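Worksheet: one structure, shown below.
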């Protein structure tokens, strides 16, 4: 006997931080929401720097309060040219107080953020949580039709694809995109150190990409170290003592003596851009819509901007109406493509040893360090308001 079709105003595919945030935001607007997909968060040393506007969005869900003891403020962001370039510049610092903030944002382990968001989802009666896996979908002028792998069928006025780089939603709706790889992998872990970080995040720019220390509560920090895939394999094979020494050397002992204080992971780096951000009854958010290296704390924050743009475009009577989705597509095109292009250009510039590229990068750092209005402009661009 066939199962009855479940009906919702909004179906969100992908229960990661962006998908869970979208479910909470849509429920706040009065929609009946389904959040679809199995939870797969695991500790692998990854953290996320939630910029001020993202933190305020989470505060609106009651989630920021749950994270206060697990998150550390980011008051200063420091860039260090560690490329060995002939045009190497002194470190450049961006301080939150220059733009009237106590901190740019907060850093927290990704798995802790995911758990807090899903706890909020479970407590919201307007959200139905479904662990099934999406096998396919299609849409007509009135409704999107989803089928899960276990045979369950759902109808929704709007589907938000938050199902990552290999999005089934994107593929099902025929939205094309450009996918590329970098000759890099990102090693992630958590360290304990003998010196206080003083709420400073330091990004060492090396020839294989950035190596970034990001504060966590106490004398702890997360590490995101971009290396070649071969070097990533070598570092992953080290014991904790040897990896600690490698990190301390790479970070020039800026945090003193280092010891590993958490799990580690290493993932290949790539990028993704899509030809459009919506289709009939469908919108793409998060890494279903854009992927780029972890530079400048833009990834998840950009996904949360997707969420707010989609909620703002959703019409009360019909959240998947064509006019609203067209508004969403226009609103995301400039923001996403500009930031994807900027991060891609910076990452490729670090990988290049051409003198003109080195000179241009050094000149850019000099301008940021010496021209205060430019530095403040760049800081504000990194904290683009979410519109809530």
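Quick notes on this structure:
- Here the gap between residue 140 and residue 316, fully extended at 0.36 nm per residue and compared with their Cα-Cα distance, gives a gain of 61.4 nm.
- With a simple spin-label model that places each label point 7 Å from the Cα along the Cα-to-Cβ direction, the separation between residue 337 and residue 253 comes to 5.0 nm.
- Using the average count of surrounding beta-carbon atoms within 10 Å as a protection proxy, the listed peptides 247-256, 30-39 rank, highest first, as 30-39, 247-256.
- Both radii come from the Cα set of the stretch 87-244: Rg as radius of gyration, Rh as Kirkwood radius; their ratio Rg/Rh reads 1.07.
- Here the relative contact order of the stretch 1-45, from alpha carbon pairs under 8 Å that lie six or more residues apart, stands at 42 percent.
- Largest-first ellipsoid semi-axes for the stretch 13-167, taking √(5λ) over the Cα gyration tensor eigenvalues, angstrom: 37, 19, 15
- Here the spin labels are modelled as points 7 Å beyond Cα on the Cα-Cβ line, and at residue 165 and residue 43 they lie 2.5 nm apart.
Throughout, read-outs are computed from the coordinates displayed, never taken from laboratory work. All of these numbers come straight from a predicted model, not from anything done at the bench. FYI the Cβ positions are ideal-geometry reconstructions off the backbone, even for glycines, and counts take in every protein chain you see.
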